[in-house]
1. Among the residues of segment B:83-91, is any closer than 24 Å to residue A:122 by Cβ and at pLDDT 95 or above?
2. From the list B:114, B:86, B:110, which one is surrounded by 15 or more Cβ atoms within 10 Å (Cβ to Cβ), at negative phi, touching a strand residue (DSSP E or B) at 6+ places or on another chain (Cβ under 9 Å) and without any contact (Cβ under 8 Å) to a residue 60 or more places away in the chain?
3. Scan segment B:38-46 and give yes if some residue there is within 18 Å of the chain's Cα centre (by Cα), more than 10 Å from chain A (Cβ to nearest Cβ) and either within 30 Å of residue A:111 (Cα to Cα) or not in a loop (DSSP other than H, G, I, E, B) (or both), otherwise no.
4. Any residue in segment A:75-84 that is over 21 Å from residue A:161 (Cα atoms), without any contact (Cβ under 8 Å) to a residue 40 or more places away in the chain and facing another protein chain (nearest Cβ under 9 Å)?
5. Answer with yes or no whether residue A:134 is surrounded by 21 or more Cβ atoms within 10 Å (Cβ to Cβ), more than 7 Å from every other protein chain (Cβ to nearest Cβ), closer than 23 Å to residue A:79 by Cα and modelled with pLDDT of 95 or more.
6. When you go through B:75, B:53, B:79 one by one, which is the residue that is in contact with a strand residue (DSSP E or B) (Cβ under 6 Å, 6 or more places away or on another chain) and part of a loop (DSSP other than H, G, I, E, B)?
7. I want to confirm something. Restricting to segment A:159-179 and keeping residues that are assigned to a loop (DSSP other than H, G, I, E, B) and surrounded by fewer than 21 Cβ atoms within 10 Å (Cβ to Cβ), which single residue is nearest to the other protein chains (Cβ to nearest Cβ)?
C-alpha cells in the first residue's frame, strides 16, 4: 500500500457544519486554570486586507507550566486538568474569533534551549488548500529573545508572530493573520 | 505551495513567502485529546439523526487510518460534512436552488477503533454548482477532518467517488499535482462493505503523516 500521506484539500465554505456549529471550543482553559488569564482575539485578513469571514482557527497550547494536556507529552510532569489546551473557532463577519485561556508556560525546545510562551495555530479556510500553521508569541516577552524557534525566523518578519496587548482591556491580546500581501504572516512547514 | 489560480479563492489567500522549516519540538509532537469522550454511539450514522430517513442512495463509508509507517492510528476523531442527495448543504451560505432535506443535516463524527478503522453510514452527496468559473460544478464529495496524535498530523481532505466525470474539471481536485495522490482521494466501491439489500459500500483509507514521537533534539 502507498503510505505517502493523504493529500490535503480545502475545508471549503461549509466547514461550520462539521466542525464549529456544534463543536466550536472557545474556552481553552477554564476559570480554575492556573496562570495569567488571557483573552486571545484573532483576526484573519486576505491579501487585499479584506477580512476573512469564513476561516477556522485552531489553537494548541501548553498549560502555565509548559506541559501539554495529552498522553503524548513525554515530560511526565502531568498537566493542569483545567487547561485542555485546545480551541477552535470560526471567524465572524468581522474576520475575528476569540479564545478564553491562560498564558502558556515555556516548553522544551531544541539544543537545550526552552521556547518562549506560544500558541500553536492552524488556519483553515476556503481558498486554503492545505492548512496554514503559525505561532503566536507575546509582544515584549523577554523570553522571545531566547526562543530557538523564533530565532529561525528572519528578524524583520518576527513581528508578524506577535500578539499585542490591548492597553485599554488588560488581559486582551490581539493577533492578526495576514494570509498574504505586504504584511504576510510567517507560516511554518511542520 | 498551495497557490492554484484556477481555484480563484487561492489567489488572495495563499502565502507567497516560503514556509519556514520547523524542527519538531514538544509543541508539534503533542496534540489535543479532543472529542474522544464526546462522540455518541449514533454520531457516525447520518441517516438516523432525524425522525425520518433522508432521501438518496444509502452508503457505508469505511476505511483505515494509518500513519506513514503503516501503523494504524487508533482512537482518533474523524469528522465529516457533506451536501444532501440533491447537492445542497444545510448551511445558510448555500444558495443553490436544490431542495433541502428535513431528514438530513450532513455532519457526522466517529472515533477510529483499536486497528484504526472508522465507519460512517450516510447518503451519497449530490454534485453542486459553484461560482468559481463559468458552469463550474463540484464533483460529489465528503469532507473529512482528522486529528491524529499530534499537532503535526492534523489533516483536512475530501473524499470523492469512483467514475465521477466532474473530477476532471474540478480545480480543487486538480490542484493536487501528483496523479497518484489525486487517485487516492477517490474512494473504491467495495462489495465486502456493501450490505445486501441495504447499502452500497465504499472504502476510503487515509494516511496521516508521522508524528515523530521523539522531538528533534538537534
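1. If we filter segment B:83-91 for residues that are closer than 24 Å to residue A:122 by Cβ, which is where we start, we get B:89, B:91.
Narrowing further to those that are at pLDDT 95 or above: B:89, B:91.
Within segment B:83-91, one or more residues are closer than 24 Å to residue A:122 by Cβ and at pLDDT 95 or above.
2. After applying the criteria, what remains is B:86.
3. yes
4. Looking through segment A:75-84, at least one residue is over 21 Å from residue A:161 (Cα atoms), without any contact (Cβ under 8 Å) to a residue 40 or more places away in the chain and facing another protein chain (nearest Cβ under 9 Å).
5. no
6. Numbers: B:53 fails: in contact with a strand residue (DSSP E or B) (Cβ under 6 Å, 6 or more places away or on another chain); B:79 fails: part of a loop (DSSP other than H, G, I, E, B).
Just one listed residue meets the conditions, B:75.
7. Out of the qualifying residues, it is A:171.
To keep it simple, each residue is scored yes or no on (1) touching a residue at least 24 places away in the same chain (Cβ under 8 Å); (2) touching a strand residue (DSSP E or B) at 6+ places or on another chain (Cβ under 9 Å); (3) within 30 Å of residue B:3 (Cβ to Cβ).
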position	(1), (2), (3)
A:29	yes, yes, no
A:36	yes, yes, no
A:41	yes, yes, yes
A:48	yes, no, yes
A:57	yes, yes, yes
A:60	yes, yes, yes
A:71	no, no, no
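The values are calculated or read from the model by the stated rules, or taken from the named source; none is laboratory data. Keep in mind it's a predicted model, so treat the numbers as computed, not measured. When we count neighbours, we look across all protein chains shown, and the Cβ atoms used for this are built from the backbone with ideal geometry, even at glycine.
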